[in-house]
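To start, the structure under review is shown below, and the notes come after it.
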Amino acid sequence: AVCYLKNIYIFVTCKVNCSFYFKIGACRHGDRCSRLHNKPTFSQTISLLNIYLHNLQNSAQSADGLHCAVSDVEMQEHYDEFFEEVFTEMEEKYGEVEEMNVCDNLGDHLVGNVYVKFRREEDAEKAVMDLNNRWFNGQPIHAELSPVTDFREACCRQYEMGECTRGGFCNFMHLKPISRELRRELYGRRRKRHRSRSRSRERRSRSRDRRRDRERRRSRDRERSGRF
Ligand SMILES: [Zn+2]
Ligand SMILES: [Zn+2]
């Protein structure tokens, strides 16, 4: 009888929730999953599916070692720029962002996924509705409310310690880190916002200046190295 009850228990709990979908907001079985994907009707977090696909080009380029060393720096810059652009746009259009993360995984259901956690649920809802009518890099954006609230639960702990043996096809999130400089810029200025909202215009133009500086610096470096 205990065994019978245990089987019922397992059957019921499996049917109730897919733990992958619940924790990570994506599961490799997609809509064919035998467990339940409980899509939230409200959430602070949205996911933009398969939107950052540049990492595929990176692996294609890494055939020769020397070129790879140069292109790693470029990859990071490209990624930082993408991150800053999306982050800034989310805040300007929809509302304050608490946290944003990008998956470095290669599995179809996780590759290039961007997760944006807003401070307010209303902003997340607004963002999903608007983003689903928009395009990015010639592709329609697919945005949805995500059940992920705690990224520590969604992340692969082994990856963070540099020992995930499943590589890009791991089913937990492998988050792609932004540069320390950009982290300070995006999350640091957020702390100041509470002190003064009237300075947002000024901040925006400063951010543009910074971008311009970076571009200038990059073309100068390029000239100097004579590689391009
Ligand atoms: Zn599932
Ligand atoms: Zn992993």
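The values are calculated or read from the model by the stated rules, or taken from the named source; none is laboratory data. Computed from a prediction, not measured in an experiment: that's the story for all the values here. All Cβ positions, glycine included, derive from the backbone under ideal geometry; neighbour counts span all protein chains shown. To get the accessible areas, we keep the full protein, side chains included, count just its heavy atoms, and leave off ligands, DNA and RNA. Shrake-Rupley method; radii C 1.70, N 1.55, O 1.52, S 1.80 Å.
What is the range 87-161 by shape, rounded, prolate or oblate, if you read a ≥ b ≥ c off the alpha carbon gyration tensor as root eigenvalues and call it rounded for a/c under 1.5, prolate for a/b larger than b/c, and oblate otherwise? Because a/c hits 1.5 or more and a/b fails to exceed b/c, the range 87-161 counts as oblate. FRET efficiency for E181 and E92, Cβ-Cβ distance as r, R0 = 25 Å, nearest 0.05? Given R0 = 25 Å and the Cβ-Cβ separation, E is 0.75. Distant-in-sequence amide contacts of C155, defined by a placed amide H-H separation under 5 Å and a gap of 5 or more residues or a different chain, comprise M173. Across the cross-link table entries K39/K176; K39/K117; K39/K93; K93/K117; K23/K117; K93/K126, which are compared at the Cα atoms, the separations over 21 Å belong to K39/K176; K39/K93. Packing around the peptides 37-43, 81-87, taken as the average count of other Cβ atoms within 10 Å per residue, puts them in this order, highest first: 81-87, 37-43. Looking at the range 100-149, the accessible area is 47 square angstrom per residue; that uses a 1.4 Å probe and ignores ligands, DNA and RNA. When you filter the GluC sites (Glu not before Pro) in the range 104-185 for DSSP loop state and at most 10 other Cβ atoms inside 10 Å of their Cβ, you are left with E163.
Here the gap between L53 and T165, fully extended at 0.36 nm per residue and compared with their Cα-Cα distance, gives a gain of 38.1 nm.
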